[in-house]
1. Suppose the filter is part of a loop (DSSP other than H, G, I, E, B) and of a type outside the set (D, E, K, R); does ILE72 pass it?
2. Please find, among LYS64, LYS111, the residue that is assigned to a helix (DSSP H, G or I) and either modelled with pLDDT under 90 or open to solvent by 100 Å² or more (accessible area, probe 1.4 Å) (or both).
3. Could you run through the stretch 71-98 and say how many residues are more than 19 Å from LEU53 (Cα to Cα) and open to solvent by 70 Å² or more (accessible area, probe 1.4 Å)?
4. I'd like the residue in the stretch 14-54 that is of a type in the set (A, V, I, L, M, F, W, C) and open to solvent by less than 70 Å² (accessible area, probe 1.4 Å) and, out of all such residues, is modelled with the lowest pLDDT.
5. Of the conditions (1) part of a helix (DSSP H, G or I); (2) touching a Leu at 6+ places or on another chain (Cβ under 7 Å), VAL82 fails just one. Which one is it?
Amino acid sequence: MAQDEYIKNLMSNFRPDRTSPKPASGKMRKLTKRAPLNHDKEIFHQLENVRDLRIEGSKKRLIKIDERHEEILKVLYPVFSVDVTRFINFLLTRFFQDHPELIEEIRESFKKL
C-alpha cells in the first residue's frame, strides 16, 4: 500500500494534467490545470522518441537492474506507454552517440587481443 503511494508521489511530477487531490477535511478545493513547463515538454518529446524507436535485431540479453531504477522502470509502461526494452535501447543509443570515443577504444582494444 505504501509502495502505491510512493509511486503516485513519484509520478505526480511527470503528469502534466494532474489535478490536486481532495483535502482530508472534506472541503472541495478549486481544481486547476497547470501548464506544462518547458522541461515537461522536453520529457514528453523524449518519451515520444522512445516510443518511435525502431529496434533492429532479435538478440535478447538478461540484465540486472539496480534497485534505485527498478521502481521507475516498473511504471514506465503503465504510466507513459513506454516499453522498457525500447527505453534501454534509446538510452544506449544516446550514450554511444554522445561518447563515440568509447566505441573507438573498444575497437582498438579488441584489435590488440
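1. Details: part of a loop (DSSP other than H, G, I, E, B): no; of a type outside the set (D, E, K, R): yes.
No: the conditions fail for ILE72.
2. LYS111
3. 1
4. The residue in question is PHE14.
5. Exception for VAL82: condition (1).
The values are calculated or read from the model by the stated rules, or taken from the named source; none is laboratory data. Since the structure is predicted, the reported quantities are computational estimates derived from the model, not experimental observations. Virtual Cβ from ideal backbone geometry, glycine too; neighbours counted across all protein chains shown. Accessible surface areas use protein heavy atoms only, side chains included; no ligands, DNA or RNA. Shrake-Rupley method; radii C 1.70, N 1.55, O 1.52, S 1.80 Å.
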